[in-house]
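Rule-based calculations on the coordinates, nothing more; no lab input. Predicted model, so just to flag it, every value in this text is computed and none were measured. All Cβ positions, glycine included, derive from the backbone under ideal geometry; neighbour counts span all protein chains shown.
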Amino acid sequence: MPKLSVVVATYNEEKNISRCLESVKDIADEIILVDAKSSDRTVEIAKKYEPRIFLVDNKPIFHKNKQYGLDKAQMEWILQLDADEVVSNSLKQEIVKTLKQDSKTINGYYLPRKNYFLGKWMRKGGLYPDSVIRLIRKGKGHFPCKNVHEQIEIIGNVDWLINPLIHYPYPTISEYLVKANRYTTLTAEDLKRGNTKINIFNTLKYCLVIPCKTFFNIYIRHQGYLDGFPGFVWAVLSSTHYFLAYAKLINSKK
C-alpha cells in the first residue's frame, strides 16, 4: 500500500486538533502540522500524535500555509485536512482500500463533506455533499492561493470517494461571526483590487440584489427550510456576506 501523509494547517485550534488527528492516527505514515504561531495550546496538544511541526506566519490567505504543508509532505499520497474536520471510520476504510488499489490514472479524489452548523448536520441549503478535493498524489495537486474558498487544483484525472468527511466549522454564532469578519475583509480587498465603484448601481447590487438572491437560493431553491432554525440562520447570515464586504469597501475609502 502506498504511504500516506496527513497535512493540517492550524491557528489557535486547541478545541479541534485532537479530534482531527485522532481520526487519522492509524492510517497516517506521517503527520505534517503547519502552525501559524498559535497563541493557545494547539501545538502542545498536537505533539501527542508526533507530527512534523513547521511554524510559519499567520497569512491572510491561509491556503498558503496549506500549500506549504503539501510541499513538506514526503509520502506518495497526501490527505489534506482542516483542524475542524474529522475522517469518519467509513471514509478511513475507503481511503485505505483506494490506496491499496492505487489506480495509476487518478491523481486526486473528491471527498463528500457533511457540514455541521450550530450542532446540526445541514442536509440542505446547498451544504451537502459539498465535495472537496483532499486526497491527492504527491506533486499532482496545489492550491492557487488566491481565494479563501478555493479548491486544490489537480494535474490529471480526478475521481470521487463515497464516504463522508465530517466538518464542524461553526459550533456557535460567535465563531461564525469571527470567521465571517475575516472572509468579508478578504472579499472587500478583492472588490478594491477589481476597482469596484461606489455608486447607486453597485449599492443596490451588493446591498439588496445579491443578499436577496443568496437567501432565496439557500433557503428556498436548495430547501434550507428543511434544516429548521439552523437552516434559516445559515441563509440569513450567508446573505450578508457581500453586503458587509461592500460596506467595508466604502469604509476603507473614507
Worksheet entry | Karplus-derived 3J(HN,Hα), 6.51/-1.76/1.60, for each residue of the range 105-117, Hz, glycine and proline x | 8, 10, 10, x, 9, 7, 10, x, 10, 9, 8, 10, 9
Worksheet, complete the sentence: Ordering 177-187, 35-45, 107-117 by per-residue average of other C-beta atoms within 10 angstrom, highest first, gives 107-117, 35-45, 177-187
Worksheet item: For the range 27-101, what does the alpha-carbon gyration tensor say about shape, rounded, prolate or oblate, given a ≥ b ≥ c as the root eigenvalues, a/c under 1.5 as rounded, and a/b over b/c as prolate?
Response: prolate
Worksheet item: In percent, how large is the relative contact order of the chain, given Cα pairs closer than 8 Å and 6 or more residues apart?
Response: 18 percent
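Beyond 32 Å, what percent of the Cα pairs of the chain remain?
Above the 32 Å cut-off, the chain has 27 percent of its Cα pairs.
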Worksheet item: From the square roots a ≥ b ≥ c of the eigenvalues of the alpha-carbon gyration tensor of the range 107-226, which class results: rounded (a/c under 1.5), prolate (a/b over b/c), or oblate?
Response: oblate
Discussion item. Please list, in order along the range 12-20, the HN-Hα scalar couplings obtained from phi with the Karplus expression 6.51 cos²θ - 1.76 cosθ + 1.60 (θ = phi - 60°), rounded to whole Hz, x for Gly and Pro.
Written reply: 6, 10, 4, 6, 10, 4, 5, 4, 5
Response to the item:
A student asked for the Cα radius of gyration and Dmax of the range 39-151 in angstrom ought to give 15.4, 43
Worksheet item: Taking amide H positions as placed 1.01 Å from N in the peptide plane, with prolines and chain starts having none, which residues 5 or more places from Leu165, or on another chain, fall under 5 Å of its amide H?
Response: Arg113, Lys114
Discussion item. Going through the cross-link list Lys37/Lys146; Lys124/Lys254; Lys140/Lys205; Lys59/Lys197, which pairs have a Cα-Cα distance over 30 Å in this structure?
Written reply: Lys124/Lys254; Lys140/Lys205
Discussion item. Along its three principal axes, how long is the range 173-252 when you only count alpha carbons? Whole Å, largest extent first please.
Written reply: 39, 27, 15
Worksheet item: Going by a ≥ b ≥ c, the root eigenvalues of the Cα gyration tensor, does the range 150-208 fall in the rounded group (a/c under 1.5), the prolate group (a/b larger than b/c) or the oblate group?
Response: oblate
Worksheet item: Which value, in Å to one decimal place, does the Kirkwood hydrodynamic radius take for the range 121-182 when every pair of different Cα atoms is included?
Response: 14.2 Å
Discussion item. With +1 assigned to the C-beta of every Lys and Arg and -1 to the C-beta of every Asp and Glu, and no other charges, what is the dipole magnitude of the chain about the Cα centre in debye, to the nearest 20?
Written reply: 760 debye
Item to complete: Just order 236-245, 15-24 by mean Cβ neighbour count inside 10 Å, highest at the front, would you?
Response: 15-24, 236-245
Response to the item:
Among Phe143, Leu177, Leu165, the residue whose Cα sits farthest towards the positive end of the charge dipole of the range 136-189, when +1 is placed on the Cβ of each Lys and Arg and -1 on the Cβ of each Asp and Glu, is Phe143
Item to complete: Using label points projected 7 Å from each Cα along Cα→Cβ, tell me how many nm separate Arg19 and Val178, to one decimal.
Response: 1.4 nm
Discussion item. Past the 18 angstrom mark, what percentage of all C-alpha to C-alpha distances in the range 1-71 do you count?
Written reply: 33 percent
